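Working notes, beginning with the structure itself.
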Amino acid sequence: MNRPLKPPSGPGCQNTPVLKERGQHEVFCGLTGIIWLHRKMQDAFFLVVGSRTCAHLLQSAAGVMIFAEPRFGTAILEETDLAGLADAHEELDREVSRLLSRRSDIRQLFLVGSCPSEVIKLDLSRAAERLTQKYAPHVRVLNFSGSGIETTFTQGEDACLASMVPVLPETNARQLLLVGALPDVVEDQMLDLVRGMGIDNVSVLPAPRAADEVGIGENTVFALTQPFLGDTHAALTRRGARHIAAPFPFGEEGTTAWLRAIATEFDVPEDRFAAVTDAPRARARKALAQAAAPLRDKSVFFFPDSQLEIPLARFLTRECGMSAVEVGAPFIHSQLMGDELALLPEGPTIAEGQNVDKQLDRCRAAAPDLTVCGLGLANPLEAQGLTTKWAIELVFTPVHFYEQAGDLASLFARPVRRKSLLQLEAAE
């Protein structure tokens, strides 16, 4: 039952020329990442320095109840700030003082840049240093950018985690660091699998609380759970940590390959690895056999949105029987995507960046059975007869590791099944 990961029948897409596009693109801004990050870090607060539009985005995306007291907010930039008629740093200091006087539970305060704060060149890194000196050691103040001018929405998490790495303490302990924000139930499954292999010194980033954070050093090895953490990967490498390269844990194959890379690093015996993985692998394969049935022999087209596109294309083609027409990603990190591209069967166009008009033309011409795209494109494409899947749902839904493999396939199968039912009703 403990079968090794099969290589693709051909050389895969590792040497496929990448179509690099630069033009108009459709993305959410990086502020969206706050919606899942504030749930993971229990003593952190995310203060967005932005406009009322930023506040409305966060409130609507999070579905915050009127009586809730969330761990994020917006310091509104008014017209006087944007026109340079007020000292934005003084106003920011005043807002931070008010916040911390009301919320004594805050141990980490993130000043989050936005399009407006970046346009007026507000130096939030200097503000973070100044405020850290004022409120340390009780509160640590960091900053990152959530602006959507040049980034996509998952890069908000990447920027946040990368900002945390330089301030983590130094350690020489041999340890495994698992990097990326996951739903609590999925994180628990991941830790059970890793610790079940006999690896004890395991930590996660982000940690639930600042006091739970561990040090980083040359004896730290880390595995990424999310494909969009390129800046965090670079920050950890600069601290001396070493990356365990592997496919990402989507589906049965991807999860097994990810765990096997860790097992190899820590010399886990094969019988121990099999004892931990055989049962959940069998459950994942059984769930996939049923959930993926509507996807077999169907084609899929990915618009660039979240940087999950290449791992998900690998999952759909290898485990769900689909064929990929085009796989677009906002950015392709060669070190993180090397293993994924090697497993992705030959055939699809691999595109980096976006020229949305050109890509729309290619999508219409290909007429795929399923198109994975952002919210802004989904309804127009549905109106033109294409079946779509919202890419953002794949970030907000638990989809990692064995127990979620069937659920992941179901997310893609649902719109395909719906289209088939509508066609049957129309024919009757």
Some residue of the stretch 250-273 being modelled with pLDDT of 95 or more, outside any helix (DSSP H, G or I) and within 21 Å of the chain's Cα centre (by Cα): yes
Count - residues of the stretch 117-147 that are within 30 Å of W390 (Cβ to Cβ), open to solvent by 20 Å² or more (accessible area, probe 1.4 Å) and of a type outside the set (V, I, T): 2
Some residue of the stretch 362-374 being surrounded by fewer than 20 Cβ atoms within 10 Å (Cβ to Cβ), at pLDDT below 95, more than 30 Å from M190 (Cβ to Cβ) and not polar (S, T, N, Q): no
Candidates L193, L236, L176, L259, filtered to the one that is in contact with a Phe, Trp or Tyr (Cβ under 8 Å, 6 or more places away or on another chain), of a type in the set (A, V, I, L, M, F, W, C) and open to solvent by 10 Å² or more (accessible area, probe 1.4 Å): L193
Residue list for the stretch 344-361, filter: part of a helix (DSSP H, G or I) and open to solvent by 20 Å² or more (accessible area, probe 1.4 Å): D357, K358, L360, D361
Failed item, numbered, when L312 is tested on (1) touching a strand residue (DSSP E or B) at 6+ places or on another chain (Cβ under 8 Å); (2) surrounded by fewer than 24 Cβ atoms within 10 Å (Cβ to Cβ); (3) part of a helix (DSSP H, G or I): (2)
When residues of the stretch 208-220 are limited to those that are within 21 Å of the chain's Cα centre (by Cα) and surrounded by fewer than 17 Cβ atoms within 10 Å (Cβ to Cβ), the one nearest to L109 (Cα to Cα): R209
S306 under 25 Å from G230 (Cα atoms), touching a residue at least 40 places away in the same chain (Cβ under 8 Å) and among the polar types (S, T, N, Q): yes
Which listed residue, of L381, L341, L336, L377, is open to solvent by less than 40 Å² (accessible area, probe 1.4 Å), assigned to a helix (DSSP H, G or I) and without any contact (Cβ under 8 Å) to a residue 24 or more places away in the chain: L381
Long-range neighbours under 7 Å by Cβ, at least six apart or interchain, first residue over 15 Å from E340 (Cα atoms) and in contact (Cβ under 8 Å) with a residue 12 or more places away in the chain within the stretch 229-253, second open to solvent by 10 Å² or more (accessible area, probe 1.4 Å) and of a type in the set (S, T, N, Q): H243/T237
Qualifying position, being of a type in the set (G, A, S) and within 25 Å of G33 (Cβ to Cβ), among A367, A405, A383, A413: A405
Flag for P415 being on the phi < 0 side of the Ramachandran plot, of a type outside the set (D, E, K, R), part of a loop (DSSP other than H, G, I, E, B) and open to solvent by less than 50 Å² (accessible area, probe 1.4 Å): no
Close pairs from the stretch 200-226: first part of a strand (DSSP E or B), partner surrounded by 17 or more Cβ atoms within 10 Å (Cβ to Cβ) and hydroxyl-bearing (S, T, Y), Cβ under 8 Å, at least 6 apart: L205/T232; L224/T232
Residue in the stretch 118-140 that is closer than 23 Å to F222 by Cα and at pLDDT 90 or above present: no
Test: residue in the stretch 44-53 that is open to solvent by 60 Å² or more (accessible area, probe 1.4 Å) and at pLDDT 85 or above: no
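The values are calculated or read from the model by the stated rules, or taken from the named source; none is laboratory data. Because the structure is predicted, anything quoted here is derived from the model rather than measured. Here Cβ is always computed from backbone atoms with ideal geometry, including for glycine, and neighbour counts include all displayed protein chains. Protein only, heavy atoms only, side chains kept; ligands, DNA and RNA dropped before computing areas. Shrake-Rupley method; radii C 1.70, N 1.55, O 1.52, S 1.80 Å.
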